[in-house]
Amino acid sequence: MTLTAVPAGTDIDDAALREVEQRVLWLATAIVDHANRVRPNPSGLKVGGHQASSASIVTLMTALWLEQLGPEDRVSVKPHASPVLHALEYLLGQLDPAYLTTLREFGGLQSYPSRLKDPVPADYSTGSVGIGATAPIWGAIARRYVNTQFGTGGAGRQWSLVGDAELDEGAVWEAVLDPMVAELGEVVWIVDLNRQSLDRVVPTMGATRLQGMFAAAGWQVLTVKYGALLEELFTRPGGAELRDRIDEMTNAEYQRMLRRTPAELRAQLPGDGAAAARIGGLVADVADEDLLAAVRNLGGHDLATLRTAFAQIDDTRPTVVLAYTLKGYGLATEGHPQNHSALLSEAQLGELAARVGVDPADPWTTFEPGSAPAELLAAAAARLRRTELEGAPAVAVPADLGRTPSGTATTQAALGRTLLDLNRAAPEVGARVVTVSPDVSSSTNLGGWVNKVGVWSAEDRRDWFSDDPETILHWRERPSGQHVELGIAETNLVGLMGELGSTWNRWDQPLLPIGVMYDPFVARALEPWSFGVYAGGQSILVGTPSGVTLAPEGGAHQSITTPSIGLEQPGVVTYEPAFALDTEWCLPPTPRMLGAGP
Ligand SMILES: Cc1ncc(C[n+]2csc(CCOP(=O)(O)OP(=O)(O)O)c2C)c(N)n1
Ligand SMILES: [Mg+2]
């Protein structure tokens, strides 16, 4: 008996798209291969790279770039898929072929997608798992902020291509839970659900739990589990039982199936439950080749199934697509529990080349001009072309805001006054200030500033306390507000600061983000903040209260290390104000942050 896939039923040339997908798989694999086996390596030390992680997401990324993305969309690509991103950039004519041989070389293609270091800047830097994944959430808020203040952020989706093990990170759930996030319809996450992390096949099936957690947070959940071949098999006698059997298998048992012969599959697939005979009857009848294809026919590698799922994204709330995939898809290492950093041997690479129809001696060859895949790529390249930025306007912070403080005050209170002074002395700079705080605005003395500028919200919200004479701090939430208030989540705060601090090179709109949090909790947010700095986010992080005036707060709130943290971090300047006037001097005196670039 022969299996046939359900026809796609669209005007897209699926055969050509499949050819592009296979070429992307080849190129991503060859980029890593060249860095490790071809490029001279005088030191003999490991270079590294991730062929299996890349292969896992090749179909998804091909489907996105060739069919789904628009010029205003922005995508965060999971760290280990950087070779796939570069393969697509090359095929779309954006990346100079000279870079294909430079993965992990000084000045070459970066190991992980990088906004500042890659020759074609990535939309988002990734590498610290969980942090790059959440960045498009903060990018979406930053763009909404730019749109409400200046009207020039544009539209488009904010995509995040996430490894399934990234969902182990607390940063992911801290972000998913923030009340502001459920409103972000432009956010779409695609989870590359290959059931493998770095070390292992993750033992228990987490998809049902994940579906519930995202749904509870207000997300649209789309699950892309099986491809058309398997779905067709499920419609035959014994098919429903086969579906249940595969659904209920542990990840490890399923993963083992990927490396079995047809005879072993016929023996193992039925299992030993009540339905074993019916499943056995079904698979007995399927040809060897079809059985091997069916068992690995997951939705994340089925272009038509993916297209159907993407068409369901509703854009009124964030969406997560849980797409089942195979780590090492199409490679000799497919599904092997230890394939994370495994490299294909020369012979295995040769087999791939033969299957894809490429001469390994001429690895970077492209499609014949005029051929169907070449036409498909040309159309995508034209669709994805972005308008060039002209360069952000430079706005200088004045050296003197015209106040001579007197008496005794905390620097914390002085900072609040300085911001108000800045608004008065240089309104064009004041308009670029955006403050953020994890639920400590009033206790860090930002109350006067917040009263003056209002709290930012994409839409006007009624202030029910505006007529209450006993309410001092007024949370007027409106699109013109310049203070963004998040929940008590320091990691979210620095994530947002990184993106607010990147609007100058994303949309030509410089902002001066100032984040205020309790000093001892800076350390909790430190790694994601460092990552934001690496990714190009420019901001001022204020740890307050701190220093000697903190004594009455006691040990739990005392800061003992922040100045050294600031000194240790490349690209960061640290400054500890001793006098009220110093808080003026903490603002960047030169327009580096406000427009001149890194
Ligand atoms: C914060 C952080 N911890 C650990 C690592 C090391 N690391 C890199 S990838 C990875 C496993 C990722 O698994 P998954 O997200 O499922 O990706 P894939 O299976 O697609 O390779 C780990 C532990 C890291 N890069 N960042
Ligand atoms: Mg994984």
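The values are calculated or read from the model by the stated rules, or taken from the named source; none is laboratory data. This one's a predicted model, so the numbers in the text were calculated from it and none came from an experiment. Cβ coordinates were reconstructed from backbone atoms using ideal geometry, including for glycine residues, and neighbour counts include every protein chain displayed. Just so you know, the surface numbers come from the protein's heavy atoms only, side chains and all, with ligands and any DNA or RNA stripped out. Shrake-Rupley method; radii C 1.70, N 1.55, O 1.52, S 1.80 Å.
How large a share of the accessible area of the range 1-133, in percent, is made up of carbon and sulfur atoms when the probe is 1.4 Å and the other protein chains stay in place? Before the final figure, lay out each step's value.
Values: 2520 of 4690 Å².
Using a 1.4 Å probe with all protein chains present, the range 1-133 comes out at 54 percent carbon and sulfur.
Could you tell me what fraction of 2.2 N^0.38 Å the Cα radius of gyration of the range 266-305 comes to, as a two-decimal ratio? List each step's numbers first, then the result.
Numbers: Rg = 12.0 Å, N = 40, 2.2 N^0.38 = 8.9 Å.
After normalising by residue count via 2.2 N^0.38 Å, the value is 1.34.
Which sequence of Thr411, Thr418 reflects their accessible areas, 1.4 Å probe, from the largest down? Kindly include the intermediate steps, with their values, before the conclusion.
Numbers: Thr411 45, Thr418 10 Å².
Ranking Thr411, Thr418 by accessible area, largest first, yields Thr411, Thr418.
Work out Dmax and Rg for the chain from the C-alpha atoms and quote the Rg first, both in angstrom.
Cα radius of gyration and Dmax of the chain are 26.8, 91 Å respectively.
From largest to smallest, what semi-axes in whole angstrom does the range 58-110 give when each is the square root of 5 times an eigenvalue of its alpha carbon gyration tensor? Present the calculation step by step, with values, prior to reporting the outcome.
On the way: eigenvalues 85, 30, 20 Å².
Each semi-axis is the square root of five times an eigenvalue, giving 21, 12, 10 Å.
How would you order 288-294, 481-487 from highest to lowest mean count of nearby Cβ atoms within 10 Å? Don't skip to the end; give the middle numbers.
On the way: 288-294: 17.0, 481-487: 21.3.
Sorting 288-294, 481-487 by mean packing, highest first, produces 481-487, 288-294.
To check my understanding: the extent here is largest minus smallest coordinate of the Cα atoms along each principal axis. What are those three numbers for the range 335-419, in Å, largest first?
Between the extreme Cα coordinates on each principal axis of the range 335-419 lie 80, 40, 21 Å.
With θ set to phi - 60° and the Karplus curve 6.51 cos²θ - 1.76 cosθ + 1.60, what are the ³J(HN,Hα) couplings of the range 105-119 in order, to the nearest whole Hz, using x for Gly and Pro?
Each residue's phi maps through the Karplus curve to give 9, 4, x, x, 5, 6, 4, 10, x, 10, 6, 9, 10, 7, x Hz.
I'd like the projected area of the range 148-230, averaged over all directions, using the convex hull of its alpha carbons. Report it in nm² with one decimal.
Details: hull surface 30.6 nm².
Directional mean of the projected Cα hull area for the range 148-230 stands at 7.6 nm².
For Cα pairs less than 8 Å apart in space and 6+ apart in sequence, what is the mean separation divided by the residue count of the chain, i.e. the relative contact order in percent?
On the way: 1085 pairs, mean separation 93.2, N = 598.
Once divided by the residue count of the chain, the mean separation gives 16 percent.
Using a 1.4 angstrom probe, figure out how much accessible area the range 238-297 has per residue, in square angstrom, rounded to the nearest whole.
Numbers: 2820 Å² over 60 residues.
I get 47 Å² per residue for the range 238-297.
Viscosity 0.692 mPa s, temperature 37 °C: Stokes-Einstein D of the range 501-571 from its Kirkwood Cα radius, in µm² per second?
Diffusion coefficient, whole number: 247 µm²/s.
In sequence order, what are the phi-derived ³J(HN,Hα) couplings for the range 294-311 according to the Karplus relation 6.51 cos²θ - 1.76 cosθ + 1.60 with θ = phi - 60°, rounded to whole Hz, with x for glycine and proline?
Whole-Hz 3J(HN,Hα) from phi for the range 294-311: 5, 5, 9, 8, 9, x, x, 10, 10, 4, 5, 5, 4, 4, 4, 5, 4, 5.
Find the accessible area per residue for the range 411-586; the probe is 1.4 Å, ligands and nucleic acids are left out, and the unit is Å².
Details: 7690 Å² over 176 residues.
About 44 Å² of surface per residue is accessible.
Taking a ≥ b ≥ c as the square roots of the eigenvalues of the Cα gyration tensor of the range 387-460, is the shape rounded (a/c under 1.5), prolate (a/b larger than b/c) or oblate?
oblate
If eta is 0.692 mPa s and T is 37 °C, what Stokes-Einstein diffusion coefficient results for the range 536-587, Kirkwood Rh from Cα pairs, in µm²/s? Write down the numbers at each step before the final one.
Numbers: Rh = 12.4 Å.
Calculated translational D: 264 µm²/s.
State the percentage of accessible surface on the range 419-578 attributable to carbon and sulfur atoms; use a 1.4 Å probe and exclude ligands, DNA and RNA. Write out the running numbers ahead of the final one.
Working: 3870 of 7000 Å².
Whole-percent figure for carbon plus sulfur exposure: 55.
Mind checking which of Tyr254, Val283, Pro270 is farthest towards the positive end of the range 238-297's charge dipole, using Cβ charges of +1 (Lys, Arg) and -1 (Asp, Glu) about the Cα centre?
Tyr254
Could you derive backbone 3J(HN,Hα) for the range 172-181 from the dihedral phi with the Karplus parameters 6.51, -1.76 and 1.60 (θ = phi - 60°), listing whole Hz in sequence and x where the residue is Gly or Pro?
Residue by residue, the range 172-181 yields 5, 6, 4, 6, 4, 7, 4, x, 5, 6 Hz.
Any idea of the accessible area per residue across the range 97-181, 1.4 Å probe, to the nearest Å²? Intermediate values should be presented prior to the final figure.
Working: 2760 Å² over 85 residues.
On a per-residue basis, 32 Å².
List the aspartates and glutamates whose Cα lies under 15 Å from the Cα of Lys46, skipping any in the same chain that are fewer than 8 positions away.
Output for Lys46: Asp33, Glu105.
Please say if the range 238-297 is rounded, prolate or oblate, where rounded means a/c under 1.5 for a ≥ b ≥ c the square roots of the C-alpha gyration tensor eigenvalues, and otherwise the choice is prolate for a/b larger than b/c and oblate otherwise? Before the final figure, lay out the partial values.
On the way: a/c = 1.57, a/b = 1.08, b/c = 1.46.
It is oblate, given that a/c is not under 1.5 and a/b is not larger than b/c.
For the range 238-297, which whole percent of the accessible surface, found with a 1.4 angstrom probe, sits on carbon and sulfur atoms?
On the way: 1390 of 2820 Å².
Ligands and nucleic acids excluded, carbon and sulfur reach 49 percent.
What share of Cα pairs, in percent, lie more than 21 angstrom apart in the range 411-586? Walk me through the intermediate numbers first.
Details: 7521 of 15400 pairs.
Above the 21 Å cut-off, the range 411-586 has 49 percent of its Cα pairs.
Which entries of Lys78/Lys117; Lys78/Lys327; Lys117/Lys225 show an alpha-carbon separation above 25 angstrom in the structure shown?
Values: Lys78/Lys117 16 Å; Lys78/Lys327 13 Å; Lys117/Lys225 36 Å.
Beyond 25 Å between Cα atoms: Lys117/Lys225.
Below 11 angstrom from the Cβ of Pro373, what's the summed charge of the other residues (Lys, Arg +1; Asp, Glu -1)? Each step should come with its number before you reach the end.
Details: positive: Arg18, Arg23; negative: Asp13, Glu19, Glu21, Glu368, Glu375.
Once positives and negatives cancel, what remains is -3.
Residues with amide H under 5 Å of Gly454's amide H, sequence separation 5 or more or different chain, H placed in the peptide plane at 1.01 Å from N; which?
It is Gln482, by chain and number.
Calculate I(q)/I(0) for the range 227-357 by the Debye formula, one identical point scatterer on each C-alpha and no solvent, and give its log10 at q = 0.11 Å⁻¹ to two decimals.
After summing over all Cα pairs, the log10 values are -0.47.
Once every Cα of the range 218-259 carries one equal point scatterer and solvent is ignored, give the base-10 log of I(q)/I(0) from the Debye formula at q = 0.14, 0.22 Å⁻¹, two decimals.
Each listed q maps to, in turn, -0.41, -0.84.
Local charge sum around Pro119 (other residues, Cβ-Cβ under 10 Å, Lys/Arg +1, Asp/Glu -1)? Don't skip to the answer; put the middle values down first.
Working: positive: Lys117; negative: Glu89, Asp96, Asp118.
Taking every Cβ under 10 Å from that of Pro119, the sum is -2.
Separation between the Phe579 and Arg461 pseudo-spin-labels, each 7 Å from Cα along Cα→Cβ, expressed in nm?
Simple spin-label model gives 4.1 nm for this pair.
Given a Förster distance of 45 Å, report the FRET efficiency between Arg424 and Glu553 from their Cβ-Cβ distance, rounded to the nearest 0.05. Don't jump to the answer; show the numbers that get you there.
Numbers: r = 31 Å, r/R0 = 0.70.
After rounding, the FRET efficiency stands at 0.90.
Just to compare against my own numbers: the Cα pair-distance distribution for the range 447-510, 10 Å bins, whole % per bin, please.
Final binned percentages: 20, 40, 30, 8, 1.
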